[in-house]
Amino acid sequence: MRTTSLVALSTILLLAACTQVTAPTLEVSGSSSSSSVVVSSQALSSAMSQSFAMQRITSSVANSSVASVSSKAAQTSSSNVPVGWNTDLTAEQINVLRDGGTEIPFTSPLLNEHRKGTFFSADCNEPVFRSEQKFDSGTGWPSFWAPITPDAVVEVTDNSLGMTRTEIRSKCGGHLGHVFNDGPQPTGLRYCMNGVALKFVPDAGQ
């Protein structure tokens, strides 16, 4: 029961770390028990106002979150992916792309990918971003100031967790991340993406 509440709290803080919006009082119930954890708007606002460096989750909380995600994702298989999606997706990719999960920040190898190339959606290999549009946001998730073309991704209003955000999905419907208006020029946007939802293909000669 204590582990369920800890995982629920860590999930809220992970999502808050990649948003600008202050959430009202939230109540999140554990998926496998009747217990719940309540986070006040004051406490959540305080957590969200910390510097990006303080957004790193402690190892104990991160381990609990990973264990929860692994347990849930282990129950899925490639036969459960939507029609038209790649059938070789990992359990973690399914959890993010299909179920709208969020990867632990600062864990994606794409954070350190600096070669020229194209980022594709992992669900159905659609090109979504170029390396020239990538920048270091300091948030722990791969970030871009624009998609490869205006219609490369789909925007959906996300009202989960008591806050309004703009979700970014692939053309095939897979959850990629969210977009915020605190990015660099020339767009002023920050496409905060889950690394596991993307595949990087370097340009020839890279």
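Bridgeable aspartates and glutamates around Lys171 (alpha carbons under 13 Å apart, same-chain partners fewer than 8 residues away excluded): Asp123, Glu126, Asp151, Glu155. Counting other Cβ atoms within 10 Å as a rough exposure proxy, the listed residues Ser121, Ser137 run Ser137, Ser121 from fewest neighbours to most.
Between the DSSP loop rule and a limit of at most 16 other Cβ atoms within 10 Å, which trypsin sites (Lys or Arg not before Pro) in region 84-137 are left? If you can, show how the numbers build up before the last one.
Values: sites: Arg98, Arg115, Lys116, Arg130, Lys134; in loops: Arg98, Arg115, Lys116.
Answer by residue number: Arg115, Lys116.
Straight Cα distances below 14 angstrom link Lys116 to the aspartates and glutamates Glu132, Asp203, with same-chain residues fewer than 8 positions distant left out.
Only the coordinates and a few stated rules stand behind these numbers; no lab work does. Please read these numbers as outputs of a predicted model, since none were measured by experiment. Cβ sites come from the backbone with ideal geometry, for glycine too, and all protein chains shown count toward neighbours.
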